[in-house]
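So the structure is just underneath, and the comments pick up after that.
The values are calculated or read from the model by the stated rules, or taken from the named source; none is laboratory data. Note that the structure is predicted; figures quoted are calculated from it, not measured. Counting neighbours? That spans all protein chains shown, and the Cβs are built from the backbone with ideal geometry, glycine included.
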Amino acid sequence: MLMTVIMINMLIKVSSVALFSSHFSTLRKLKWRGLKWNCLKNIAFPLRIFLLLLTVSIILVGALDRFLSHSFEQYLLDQVSKTAMNQAKIIAAMDSVVVAVKHRDKAQLAQIVGRLGNTSDLDYLVIGDTQSIRLYHPNPQMIGYPMQWTKPGALERGESYIIFGKGSMGEAMRAKTPIRDENGQIIGVVSLGYLISKIDHWRLIYLLPLTHSFIMVLVVLMFLSWLFAHHIRRQMMGMEPKEIARVLRQQEALFGAVFEGLLAVDPEGRITAINPNARKMLNISATPQQLIGCKVSDVVSPVNFFLDQTGDNRQDELCTFNGLNTIANRAGIWSEDGVFQGWVVSFRS
């Protein structure tokens, strides 16, 4: 009985420790995520825009580069494969090659291949008989030994095919095709190869300028992203979105708290802001949402005080709006570049 109690106590302790460890690990992960989120929030909004555009640009350029590189590699391999197979079939059909293979004239084959090597970019050419015994090989010491096969068919079924793999000359792409005599009987085989190292060199020659172009595109996108982020910062007057939202709420509160009527218009005379006292004093029943964007001339008459784009600020002028005699003030709105952006008009009866 005592041992049972001890075992239960030990299990409870172990479970408590495991549960505590699990909760601690979860809290640590949440704390780490919270720290990362706070770090992101503390980054200036224009910088976040720049980093976002930069990340998207890198992903797009990288994906495009990968796609084009893969497409070009496939195209290059297809072209080299076709070239190798065409050359192999032409060599296998040469009368001099057929006669030399039929008579097992190794010296004649060496002379023929020597002439071909001066006019072709192939890396190696191997010619064998019906037993896959080499009659010609770039390395004379390999002549007389069996050819290396990774796929049967050229001698057995008279097939022509391309294979990739390691042969007597190293990793290569090889075109294999049968040699037939004048009666169509298979008397040997041609194996023509391009080393993978040469194909990789060709790939590098053609892809390197493409990579440079993508790097230049990425640099241009980085510069444009920086310009856009800088433009956003200037448009936002160096403020963060939450600061702009606070300013707007403060503006709404000020418009509602001011005893005077307040009405703002843009250079084209469209209403951009209006407070409740202005609507009340001018007997305008429309809501602020309905008035924003409307021509001030549609709701106020006369309207000259609101549309003067060349005049200066005015103070305590006697004006009549919608039949109401008022004392009005006008202040211009100007951009950092000195461009006129409208008026803010206040009036009281």
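Structure above, values below:
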| quantity | calculated |
| --- | --- |
| Helices (runs of 4 or more DSSP H) fully within region 239-349 counting 2 or more residues that are within 50 Å of the chain's Cα centre (by Cα) and touching a residue at least 12 places away in the same chain (Cβ under 8 Å) | 241-257, 288-291, 304-307 |
| Qualifying position, being within 30 Å of Trp202 (Cα to Cα) and either of a type in the set (D, E, K, R) or assigned by the TED database to the domain that holds His201 (or both), among Thr130, Thr119 | Thr119 |
| Members of region 110-150 that are hydrophobic (A, V, I, L, M, F, W, C), in contact (Cβ under 8 Å) with a residue 60 or more places away in the chain and assigned to a loop (DSSP other than H, G, I, E, B) | Leu122 |
| Pick from region 83-105, criterion in a loop (DSSP other than H, G, I, E, B) and among the charged types (D, E, K, R), ranking: surrounded by the fewest Cβ atoms within 10 Å (Cβ to Cβ) | Arg104 |
| Among residues of region 216-272, those that are modelled with pLDDT under 85 and farther than 30 Å from Asp65 by Cα, counted | 27 |
| Leu227, sole failed condition from (1) without any contact (Cβ under 8 Å) to a residue 24 or more places away in the chain; (2) closer than 18 Å to Gln79 by Cα; (3) assigned to a helix (DSSP H, G or I) | (2) |
| Qualifying residue in region 286-297 (condition: surrounded by 14 or more Cβ atoms within 10 Å (Cβ to Cβ), under 18 Å from Asn325 (Cβ atoms) and at pLDDT below 90) | no |
| Hits in region 164-195 - residues which are under 41 Å from the mean Cα position of the chain (by Cα), modelled with pLDDT under 85 and buried (at least 17 other Cβ atoms within 10 Å of the Cβ) | Gly167, Met169, Ala172 |
| Test: residue in region 106-123 that is farther than 22 Å from Thr83 by Cβ, surrounded by 14 or more Cβ atoms within 10 Å (Cβ to Cβ) and either at pLDDT below 85 or of a type in the set (Asp, Glu) (or both) | no |
| Among the candidates His201, His212, residue that is under 46 Å from the mean Cα position of the chain (by Cα) and closer than 17 Å to Gln74 by Cα | His201 |
| Residues of region 89-104 satisfying the condition of being among the charged types (D, E, K, R) and farther than 15 Å from Leu192 by Cβ | Asp95, Lys102, Arg104 |
| Condition check for Ala278: farther than 21 Å from Gly323 by Cβ and either in contact with a helix residue (DSSP H, G or I) (Cβ under 7 Å, 6 or more places away or on another chain) or aliphatic (A, V, I, L, M) (or both) | no |
| Unique match (being under 15 Å from Thr83 (Cβ atoms) and not in a strand (DSSP E or B)) among Lys176, Lys198 | Lys198 |
| Test: residue in region 143-159 that is modelled with pLDDT under 85, at positive phi and surrounded by 13 or more Cβ atoms within 10 Å (Cβ to Cβ) | yes |
